[in-house]
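The values are calculated or read from the model by the stated rules, or taken from the named source; none is laboratory data. All values derive from a computational prediction rather than experimental measurement. Using ideal geometry, Cβ is built from the backbone for each residue, glycine included, and neighbour counts are taken over all protein chains shown.
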Amino acid sequence: MTGFAALPDLACRRLGGGVVSANDEFFAAADNLVNPWPAGFEPGTFGPKGQVYDGWETRRRRASEPTAGCDDGGHDHAIVRLGAPGLVRGVVIDTAHFTGNYPPYASVQGCGVEGYPSPAELAGARWATLLAKTPLSGDTANAFAVHHTERTTHVRLSIYPDGGVARLRVHGEVVADPRPLAAGPVDLAALEHGGYVVGCSDRFYGSPNNLLLPGLAATMGEGWETRRRRDGGHDWVLVRLAAPGRIRLAELDTTHFKGNAPGYAALRGSVATGTALDDPAAWFDLLPKVRLQPDTRHRFVLSAPALASHVRLAVYPDGGMARLRLYGQLSTADYAGLVRRWFNLLPRAQAVAVLTGAGGLAAGAAGELVAARPLADGVDLPPGLAPSW
């Protein structure tokens, strides 16, 4: 994968994404939009409402005969909550298997809101255009780059006037809400917190970013697996942590990998960046080479926690792993850096809501602070956002 498609799908069900509302689901449920697997199709499978589709499909609009759920002359839409809010870099509107019933046009909007809004509350949010009304092709993964500079928590897919879409992919950079990370030790490698795989030796059977997904893997296909090595070497994954921290507990999970788990694994850490990561002297041991068992969650308490911004997982000689967890504590300075970046990327309305909520500021004072963004390094954090430790 190249370009924005190599970035995580922020809307994916595996990351916690979900469809919170749709104005019409007559033929097929909008929940299918965020399923992580490719859409399937079996001809001749008919239900009470016609051919069964693995996607979202609305009824046909008839301007002369308004139908319940279909305002005449309008269009259909579905709102998706991103499992991991962030900066959207591209969307894929996949019309797989929809050939004579796909929408001829679509658009995508995004918003950033506080908390856990209801569909009614989202209807009143300030929506920004991520993708203007654009032609679609049928039975095609229609891919579009997005240029938007604000953090997004929800997207709204609109189709004109009606039809079917199999999947919606929303690729981007995770920008996690840092406030929950202040509560204590957290998984610094988690994709939902901002961890990301920046390099690996092999991804033949699965993406290495699967290692950083939430929850337990349901199948072997939800992990990372390499091809069989024949050269005497070993495979590895390089993870950029959500923020530098002191790792105290590592979990190496080989669940579902029974005849193809690595025999051994090791962890090394670094606080280097860029090309300095190529210098062997920049790395230190976090977990010396240990033996692994198949289909097992291994947990290792690190005897000498050290500050790291990157971690390299080495598996010997090859094989598959379901999950990698690296639990640690952020420093005050690193936490403050996360807060500044997150706050600077918030849409204005959400930034004001943050300050008038947890910060307890009056609306006028909050508006002035928001207008003065970006907050520079070294500047005191706004009220309510500074770490309490």
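Residues in the stretch 159-202 that are crowded, with 20+ Cβ neighbours inside 10 Å, under 30 Å from S137 (Cα atoms) and not small (G, A, S): I159, D162, V165, R167, L168, R169, V170, H171, V174. Of everything in the stretch 275-327 that is of a type in the set (A, V, I, L, M, F, W, C) and over 21 Å from G245 (Cβ atoms), the residue that is nearest to the chain's Cα centre (by Cα) is A322.
Between I79, I159, I93, the distinction of being outside any loop (DSSP other than H, G, I, E, B), farther than 18 Å from D9 by Cα and aliphatic (A, V, I, L, M) belongs to I159 only.
Exactly one residue out of A125, A141, A145 is touching a residue at least 12 places away in the same chain (Cβ under 8 Å), out of contact with any Phe, Trp or Tyr (no Cβ under 8 Å at 6 or more places or on another chain) and farther than 21 Å from D24 by Cα: that is A141. For the list (1) β-branched (V, I, T); (2) part of a loop (DSSP other than H, G, I, E, B); (3) surrounded by 24 or more Cβ atoms within 10 Å (Cβ to Cβ), I need the number of the one condition that V239 fails. For V239, the failing item is (2). If we scan the stretch 333-356, do we find a residue that is of a type in the set (S, T, Y) and over 23 Å from S309 (Cα atoms)? Within the stretch 333-356, one or more residues are of a type in the set (S, T, Y) and over 23 Å from S309 (Cα atoms).
Does at least one position in the stretch 332-344 carry a residue that is within 30 Å of P214 (Cβ to Cβ) and in a loop (DSSP other than H, G, I, E, B)?
Initially, the stretch 332-344 is screened for residues within 30 Å of P214 (Cβ to Cβ), giving 332-344.
Pick out the ones that are also in a loop (DSSP other than H, G, I, E, B) and you get none.
So far as the stretch 332-344 goes, no, none of its residues is within 30 Å of P214 (Cβ to Cβ) and in a loop (DSSP other than H, G, I, E, B).
If you go through the stretch 211-241 and keep only what is within 16 Å of R312 (Cα to Cα) and at pLDDT below 95, you end up with just G233. A single member of D285, D295, D318 is touching a strand residue (DSSP E or B) at 6+ places or on another chain (Cβ under 7 Å), assigned to a loop (DSSP other than H, G, I, E, B) and either over 21 Å from G259 (Cβ atoms) or not aliphatic (A, V, I, L, M) (or both), and it is D318. Within the set L326, L355, L361, the sole residue that is of a type in the set (A, V, I, L, M, F, W, C), in contact with a helix residue (DSSP H, G or I) (Cβ under 6 Å, 6 or more places away or on another chain) and buried (at least 22 other Cβ atoms within 10 Å of the Cβ) turns out to be L355. Among the conditions (1) under 21 Å from the mean Cα position of the chain (by Cα); (2) part of a loop (DSSP other than H, G, I, E, B); (3) at pLDDT 95 or above, the only one that S137 does not satisfy is (1). Scanning the stretch 15-35 for residues that are touching a helix residue (DSSP H, G or I) at 6+ places or on another chain (Cβ under 9 Å), surrounded by fewer than 18 Cβ atoms within 10 Å (Cβ to Cβ) and among the aliphatic types (A, V, I, L, M) yields a single hit, V20.
Just checking, does the stretch 254-261 include any residue being touching a helix residue (DSSP H, G or I) at 6+ places or on another chain (Cβ under 7 Å), under 21 Å from G172 (Cβ atoms) and not in a helix (DSSP H, G or I)?
No, because not a single residue in the stretch 254-261 is touching a helix residue (DSSP H, G or I) at 6+ places or on another chain (Cβ under 7 Å), under 21 Å from G172 (Cβ atoms) and not in a helix (DSSP H, G or I).
Put simply, of R203, R167 the only residue that is modelled with pLDDT of 95 or more, touching a strand residue (DSSP E or B) at 6+ places or on another chain (Cβ under 9 Å) and of a type in the set (K, R) is R167.
Can you find a residue in the stretch 244-251 that is touching a residue at least 40 places away in the same chain (Cβ under 8 Å), at positive phi and not acidic (D, E)? Explain how you work it out, then say what you get.
We begin by selecting, within the stretch 244-251, every residue touching a residue at least 40 places away in the same chain (Cβ under 8 Å); these are 244-251.
Next, from what is left, pick out any that are at positive phi: none.
For the stretch 244-251, residues touching a residue at least 40 places away in the same chain (Cβ under 8 Å), at positive phi and not acidic (D, E): absent.
Within the stretch 298-315, the set of residues being outside any loop (DSSP other than H, G, I, E, B), of a type outside the set (A, V, I, L, M), out of contact with any Ser or Thr (no Cβ under 6 Å at 6 or more places or on another chain) and over 22 Å from G232 (Cα atoms) comprises H298, R299, F300, S309. Would it be correct to say that G215 is surrounded by fewer than 23 Cβ atoms within 10 Å (Cβ to Cβ), farther than 20 Å from Q329 by Cβ and in contact with a helix residue (DSSP H, G or I) (Cβ under 8 Å, 6 or more places away or on another chain)? So G215 passes the test.
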